[in-house]
Amino acid sequence: MESESIRVRFAPSPTGTLHVGNARTALYNWLFARRSGGKFVLRIEDTDLDRTKTNYEKQLLQELAWLGLNWDEGPNENDLGEAGDAGPYRQSKRMDIYATHTAQLLAEGKAYRCFCTPEELEEERQLAIAEGRPQVYSGRCRVMNKFDIKENLLRGRTYSIRLQVPDRPVRCHDAVRGDLEFAPEAISDPILVRSAQGGTAGASPGTPVYNYVVTIDDALMGITHVIRGDDHIANTPKQVAIYEAFGWTVPEFVHLPTIVGPDRERLSKRHGATSMTSFREMGYLPEALVNYIALLGWKPEDGKSEILSPDQVVLAFSLERISPEPAIFDFEKLNMLNRHYLKLATPARLAALCWDYFGGLLPEKEETSDAVLVWFFHMIAMFLPSVNRLGEIPAKAAFIFHMDPNLARADHNNADIIASESSRRVLSELSSRIRTKPGPLTAADFNTWMNEIKSATGISGSELYDPVRIALTGSTLGPEFEMLIPVLDQGAALNIGIPSVGQRLAAFL
RNA sequence: GGCGCUAUCGUCUAGGGGUUAGGACGUGAGAUUCUCAAUCUUAAAACCCGGGUUCGAUUCCCGGUAGCGCUACCA
């Protein structure tokens, strides 16, 4: 790839948590930077003060870091400082830069003051809609002479500042969609700077608009590839016109397809929890998310490989293989990937992630003994094959900490089984054998005894095992005895209120 | 209404002027295990419609349709 002069950016506005769509944009930027040896810049678009909340910024940075998307320049994760030479990286700190550029454009006659009121503009717009014309600004204030401008200013009329777009098509290139061309009517003369609020006499212009600041920032920060959601396609010609007005090099654009829900509408809260925060809390692993999100609109060259570690995605990534089609977010596939990474993760890591799910049932993590920790590893590992995400474990593990024999007996799936003559026999036979051994049972003990009972009674298969499972777990469904027995009895030895195998059986005799 | 983007199994997609249209998720069946899960094997499942170009189009071109996006002095 070209060189380290490649620079990309992710520019979220801190108005909420990091959701799937933004996470993918961030990921693709990061992937491209890492793949090409370029720089990944993080910029905070906090110009909309009303909606910006500082705690969201922090959360945003945390979630990016959680996903492993480290940035080369931008706000620091842990303090209010910044790294990089192209800052400030918060738009709210760049207002004077925008003002300087506006003055330049005005002086060069590439922008002009527009004294039209919102009401007048709205009227024009309605008329255009009624007549089926594109809604474009008439350009009324474009040709205003100096004296009229002066007079308007003297009279204290507020004004916005518009870019004077050239009367020719605007072109740019999109890595996903090829050449893009926009007719001049599609752009009209975009507002660069809002009129000041309140309309005080001699008012200075107000705040710069998104399309303007984003362009200035991208240009000044040397961004070479603008990778963003395709909802920005319509903004692109305005931005290109701004680049051209300043004589700046227009970057390559990369418009990513929309991520939609099963109903094919843009993915939103309606479709369930889709923020990185909630995925993390539900027990999805960041590498699973990175793998899955990378696949939403992109495929490696062979079109087949799907299970890719973050490193492998970096290696395989290329802009050319991004699809332009909207992608439906598929929880099933995410689950499959998460199950895969769950199997790869170390017990210590999983145990640490799961610990908080068991608040109140376990000692504080800091004060606990190694014995409890080791037992916890095994307990988590026991449930791992049957969950999509870590958050499913506590419900499945509830029986370990608390068993209600009456509830188990009453369950309509269990009632007949547990009441049968053969069940009573199995349970009492097993129980009397357990009483012969003082310490925690091993899986080997259990297997030996069960085989003995099998030949002694002639009871076998589910008739033999179901009653034991119900007595131990409250259900005929659950983990293999091979793991269950030691987890239960070693747990009991920990003195944190876990009933032993023997105690569980006794409750059913 | 205007402008734009998009169109291969249910889903993510590969492919490409002649293919048994490939893979993965999910689904069905079977194997295995004390159960569930996991695992293994296996099956079903797709080129939006209409024109054109061509000996031949799912593939290239045009139109339609549908979905989505934009249409702000929001970002």
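The values are calculated or read from the model by the stated rules, or taken from the named source; none is laboratory data. Worth saying up front: this structure is predicted, and the values here are computed from it rather than measured. Cβ atoms come from the backbone with ideal geometry, glycine included; neighbour counts cover every protein chain shown.
Quick check on my filter: what residues within the stretch A:58-103 are over 15 Å from A:Asp46 (Cβ atoms) and in a helix (DSSP H, G or I)?
Once the filter is applied, which keeps residues that are over 15 Å from A:Asp46 (Cβ atoms) and in a helix (DSSP H, G or I), the stretch A:58-103 yields A:Gln62, A:Glu63, A:Leu64, A:Ala65, A:Trp66, A:Leu67, A:Asp96, A:Ala99, A:Thr100, A:His101, A:Thr102, A:Ala103.
Evaluate the following for A:Glu185: is it without any contact (Cβ under 8 Å) to a residue 24 or more places away in the chain and either within 10 Å of RNA strand B (Cβ to nearest atom) or surrounded by fewer than 22 Cβ atoms within 10 Å (Cβ to Cβ) (or both)?
no
Any idea which residue in the stretch A:13-29 is surrounded by the fewest Cβ atoms within 10 Å (Cβ to Cβ), counting only those that are in contact (Cβ under 8 Å) with a residue 40 or more places away in the chain and more than 12 Å from the chain's Cα centre (by Cα)?
Ranking the candidates gives A:Thr15 first.
Filter the stretch A:389-407 down to the residues that are surrounded by 15 or more Cβ atoms within 10 Å (Cβ to Cβ) and either more than 14 Å from RNA strand B (Cβ to nearest atom) or hydrophobic (A, V, I, L, M, F, W, C) (or both) and list them by number.
Once the filter is applied, which keeps residues that are surrounded by 15 or more Cβ atoms within 10 Å (Cβ to Cβ) and either more than 14 Å from RNA strand B (Cβ to nearest atom) or hydrophobic (A, V, I, L, M, F, W, C) (or both), the stretch A:389-407 yields A:Leu390, A:Gly391, A:Ile393, A:Pro394, A:Ala397, A:Phe399, A:Ile400, A:Phe401, A:Met403, A:Pro405.
Tell me, which helices (runs of 4 or more DSSP H) wholly within the stretch A:234-317 include 2 or more residues that are within 12 Å of RNA strand B (Cβ to nearest atom) and under 26 Å from A:Asp217 (Cα atoms)?
A:236-246
Only residues that are in contact with a helix residue (DSSP H, G or I) (Cβ under 8 Å, 6 or more places away or on another chain), in a loop (DSSP other than H, G, I, E, B) and within 16 Å of RNA strand B (Cβ to nearest atom): list them for the stretch A:1-40, please.
A:Ala11, A:Pro12, A:Pro14, A:Thr15, A:Gly16, A:Thr17, A:Leu18
Please verify whether the stretch A:406-413 includes one or more residues that are within 30 Å of A:Glu281 (Cβ to Cβ), in contact (Cβ under 8 Å) with a residue 24 or more places away in the chain and touching a Leu at 6+ places or on another chain (Cβ under 7 Å).
no
Of everything in the stretch A:275-303 that's farther than 24 Å from A:Val260 by Cβ and surrounded by fewer than 15 Cβ atoms within 10 Å (Cβ to Cβ), which residue is farthest from the chain's Cα centre (by Cα)?
Filtering first and then ranking leaves A:Asp302.
Going by what's in this entry, would A:Ala175 be described as loosely packed, with under 11 Cβ neighbours inside 10 Å and either at pLDDT 80 or above or near RNA strand B (Cβ under 9 Å from one of its atoms) (or both)?
Here the answer is no, as A:Ala175 does not meet what is asked.
Go through the stretch A:337-349 and give me each residue that's touching a residue at least 12 places away in the same chain (Cβ under 8 Å) and in a helix (DSSP H, G or I).
Hits for the stretch A:337-349 are A:Leu337, A:Asn338, A:Arg339, A:His340, A:Tyr341, A:Leu342, A:Lys343, A:Pro347, A:Ala348.
Give the number of residues within the stretch A:359-371 that are part of a helix (DSSP H, G or I) and either touching a helix residue (DSSP H, G or I) at 6+ places or on another chain (Cβ under 8 Å) or buried (at least 18 other Cβ atoms within 10 Å of the Cβ) (or both).
1
Please give the number of the condition A:Ser386 fails out of (1) of a type outside the set (Asp, Glu); (2) surrounded by 12 or more Cβ atoms within 10 Å (Cβ to Cβ); (3) out of contact with any Lys or Arg (no Cβ under 8 Å at 6 or more places or on another chain).
(3)
Quick one: which of A:Gly202, A:Gly206 is modelled with pLDDT under 85 and more than 10 Å from RNA strand B (Cβ to nearest atom)?
Only one candidate qualifies: A:Gly202.
For the stretch A:319-334, indicate whether the set of residues that are more than 9 Å from RNA strand B (Cβ to nearest atom), loosely packed, with under 13 Cβ neighbours inside 10 Å and closer than 18 Å to A:Arg228 by Cα is non-empty.
Yes: one or more hits.
Here are A:Ser455, A:Ser423, A:Ser432: which of them is touching a residue at least 12 places away in the same chain (Cβ under 8 Å) and hydroxyl-bearing (Ser, Thr, Tyr)?
A:Ser423 is the lone residue from the list that is touching a residue at least 12 places away in the same chain (Cβ under 8 Å) and hydroxyl-bearing (Ser, Thr, Tyr).
In the list A:Val136, A:Val165, which residue meets the criterion of being within 21 Å of A:Ala241 (Cα to Cα) and more than 12 Å from RNA strand B (Cβ to nearest atom)?
A:Val165
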